[in-house]
Amino acid sequence: MKKKVERVAKLISHYGFCSRKEAENFIISGKVKINGRINKQFVFDSKKIKTIQINNKILLKPFFKVWVFNKPNGYICSNARQGNKKIIFDLFPKNFPRVVSAGRLDLNSEGLLLLSNNPEFTSYLENPQNKIQRKYNVKISGKITEDILLKTREKMIIKNTIYQPIILKRITNKENNNFVEITLFEGKNREIRKILNHFGLMVKKLKRLEFGPFKLGNLQIGDLIEIKKEVLEKKCKILGIKIENFKWNIQG
């Protein structure tokens, strides 16, 4: 059997027990057991792992869940404090489980944010190779010209970074202060802002509307809802993936 070596801290974090950094500290202190034996190695053949314990407690993977959140402007997508900045977890219930987001929205952006207790699922959504579309409504200072429409249909090199083509759709076409719908398939850091800035345009408001088959719909700003099992199954089918490919079970 071919080995599948993975970082133990990563595996522990996927159980939703703690962060990778915290997991590393547990490993160093000898509080982690794999298959009943203390493990101080940072990597392990995952195919040989039957159980993982921390402080003699066996870790059990939670049910596979996904939430849709309408992120407000002024919050960062992090569970770690960064100075005085507000974090999205301030808006969640106190007993909310450990989750990761699929594609972050920066401090000054709002709209659809997908959250899941399954990092493998969010990693799949974020992977550029899977070409999962994200759609945004963007208010800009300036005007989208025909030249910009043409150039954004091709690969772009901006400050030594390659950006894949995006789809621009003009909603308004005034001399200034316009709305545009943008669809992209890569999701690099601040991608929309950097591309538009390259063409002399400034983003005044950015709101994500869709991420693959998941849509913001009528969800109000700051609201958080869990996607029902049957709906999640349909969404995954649209993505061309099977839920059973992920190690988490669906809640019955």
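Every read-out reported here was derived from the displayed coordinates using simple, explicitly stated rules and does not represent laboratory data. Here the structure is a predicted model, which means the values were calculated and not measured. Note: ideal-geometry Cβ built from the backbone for every residue, glycine included; neighbour counts use all protein chains shown.
In units of the compact-protein estimate 2.2 N^0.38 Å, the stretch 5-58 shows a Cα radius of gyration of 0.95.
Only DSSP H runs of four or more residues enter the estimate; each adds -39500 (n - 2.57), and after division by the residues of the chain the mean residue ellipticity at 222 nm equals -5500 deg cm²/dmol.
Rounded to the nearest 20, the Cβ-based charge dipole of the stretch 5-58 about its Cα centre (Lys and Arg +1, Asp and Glu -1) stands at 120 debye.
Return the whole-Å distance between the Cα centroid of the stretch 81-107 and the Cα centroid of the stretch 130-156. So the separation of the two Cα centres works out to 28 Å. Size descriptor for the stretch 133-211, Kirkwood hydrodynamic radius: 12.4 Å (Cα pairs only, one decimal). Label reach from residue 91 (point 7 Å along Cα→C-beta): in the stretch 55-74, amide nitrogens under 15 Å belong to 67-74. Modelled spin-label separation between residue 154 and residue 40, with each label point placed 7 Å from Cα along the Cα-to-Cβ direction: 5.9 nm. Once the chain from residue 221 to residue 29 is taken as fully extended at 0.36 nm per residue, the excess over their C-alpha distance is 64.8 nm. Its Cα centre serving as origin, the chain has a Cβ charge dipole (Lys and Arg +1, Asp and Glu -1) of approximately 700 debye.
Ellipsoid fit via the Cα gyration tensor, the stretch 135-177: semi-axes of 21, 11, 11 Å, each the root of five times an eigenvalue, largest first. The distance between label points at residue 22 and residue 239 comes to 2.5 nm (points 7 Å beyond Cα on the Cα→Cβ vector). Note that the chain shows a convex hull volume over its alpha carbon atoms of 170 Å³ per residue.
Annotation: extensible slack from residue 188 through residue 172 equals 3.2 nm (criterion: 0.36 nm per residue apart, minus Cα-Cα distance). Within the stretch 21-101, the chymotrypsin sites (Phe, Trp or Tyr not before Pro) that combine a DSSP coil assignment with at most 15 other C-beta atoms in a 10 angstrom radius are 42, 63. Of the GluC sites (Glu not before Pro) in the stretch 127-182, the ones in a loop by DSSP (not H, G, I, E or B) with at most 11 other beta carbons within 10 Å are 154, 175. Within the listed set 43, 68, 100, the residue fluctuating most in the Gaussian network model of the chain (springs between alpha-carbon atoms under 10 angstrom) is 43.
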